[in-house]
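Visitor: One structure, as structure tokens, below. Some questions next.
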Amino acid sequence: MEWADILDKRSHIFAFDNTIPPKDLLNQITDEIHHYVPVKQNEFYYSIEIFDYSDVDLRKKIYQTTGTNYHNNYRYNPQVLAPWLFVFKENMELTVNDKPFQLRRNYTNMQVGMASMFIALSAVNKGLDVGFCQCVTDHNLLNELIGNDVVLMLGVGYKSVKDNYYCLIDEIEKPIPSKVIPKPKKEEYIKWI
């Protein structure tokens, strides 16, 4: 796929269909992460845990932790219901701990940002779709379910063509969340000096 095609196809996906991408395709992506994503001095300030959908109850509980209230419209984030869920966690065990905590936290966030975007672009290049999720309202439950220090979750699968998704909590069909927050103008955050 050409770079322009990848950019045109890449968008934030909220709902995925039930087709499960082959694990071999995900292994290609993880191999690419390992070989090509830069990290500061080869110290990994993050780890990635990849969940399939075999434990439906666990996924429902993860989904339950991702509520968001935008303009008094409470909803959950269905991108965590994708067939594959990459969970990025802070990982200070693989680093030299002689740096101040906030600096290590900054390195974590920087590395997770680079790795997650790399996964997104690699997935799109392979015909997959992705949805980012950082909205967690119940950190205690999420920590209990999958451990502490979750930084970001990234759903990977094939985009649903439906206008609705099934909310596992409310047990009804709901509309896919729209893009209600416009981006600022480019000139507001990119400055030529």
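The values are calculated or read from the model by the stated rules, or taken from the named source; none is laboratory data. Everything numeric in this text was worked out from a predicted model, so none of it was measured. Cβ coordinates were reconstructed from backbone atoms using ideal geometry, including for glycine residues, and neighbour counts include every protein chain displayed. In case anyone asks, the SASA skips ligands and DNA or RNA and just uses the protein heavy atoms, side chains included. Shrake-Rupley method; radii C 1.70, N 1.55, O 1.52, S 1.80 Å.
Visitor: Work out, step by step, the length gained on full extension between LYS23 and ASN106: first 0.36 nm times the residue separation, then minus their alpha carbon distance; give nm to one decimal.
Guide: Stretched out fully, the LYS23 to ASN106 stretch lengthens by 26.7 nm.
Visitor: When the helices in the chain are scored as -39500 (n - 2.57) per DSSP H run of 4 or longer and the sum is shared across all residues, what 222 nm value do you end up with, to the nearest 500 deg cm²/dmol?
Guide: So the helix-based figure for the chain works out to -10500 deg cm²/dmol.
Visitor: Can you tell me the equivalent ellipsoid semi-axes for the stretch 1-114? Use √(5λ) from the Cα gyration tensor, largest first, whole Å.
Guide: One finds semi-axes of 27, 21, 16 Å for the stretch 1-114.
Visitor: I've got another one for you. Report, to two decimal places, the Cα Rg of the stretch 122-171 normalised by 2.2 N^0.38 Å (N = number of residues).
Guide: Cα Rg divided by the expected 2.2 N^0.38 Å: 1.43.
Visitor: Can you list the GluC sites (Glu not before Pro) in the stretch 97-193 that are in a DSSP coil and have 15 or fewer other beta carbons within 10 angstrom?
Guide: GLU171
Visitor: If you don't mind, another one. On the accessible surface of the chain, probed at 1.4 Å, how many percent belong to carbon and sulfur atoms?
Guide: Answer for the chain is 52 percent, counting heavy atoms of protein chains only.
Visitor: So, for the chain, what is the accessible surface per residue at a probe of 1.4 Å, expressed in square angstrom?
Guide: So the chain comes to 60 Å² accessible per residue, rounded to a whole number.
Visitor: If one computes P(r) from the Cα atoms of the stretch 50-193, what percent of pairs lie at distances over 18 Å?
Guide: The proportion of pairs with Cα distances above 18 Å equals 64 percent.
Visitor: Here is a further query. Keeping all protein chains in place and using 1.4 angstrom, which order do TYR53, TYR36 fall into by accessible surface area, from largest down?
Guide: TYR36, TYR53
Visitor: For the stretch 143-193, count the residues as N, evaluate 2.2 N^0.38 Å, and divide the Cα radius of gyration by that value, please.
Guide: For the stretch 143-193, the normalised Cα radius of gyration is 1.80.
Visitor: Sticking with this structure for a sec: At q = 0.13, 0.17, 0.19, 0.25 Å⁻¹, what log₁₀ I(q)/I(0) does the stretch 79-163 have when each alpha carbon counts as one equal point scatterer in the Debye sum?
Guide: Treating every Cα as an identical point scatterer, log10 I(q)/I(0) equals -0.49, -0.78, -0.92, -1.24.
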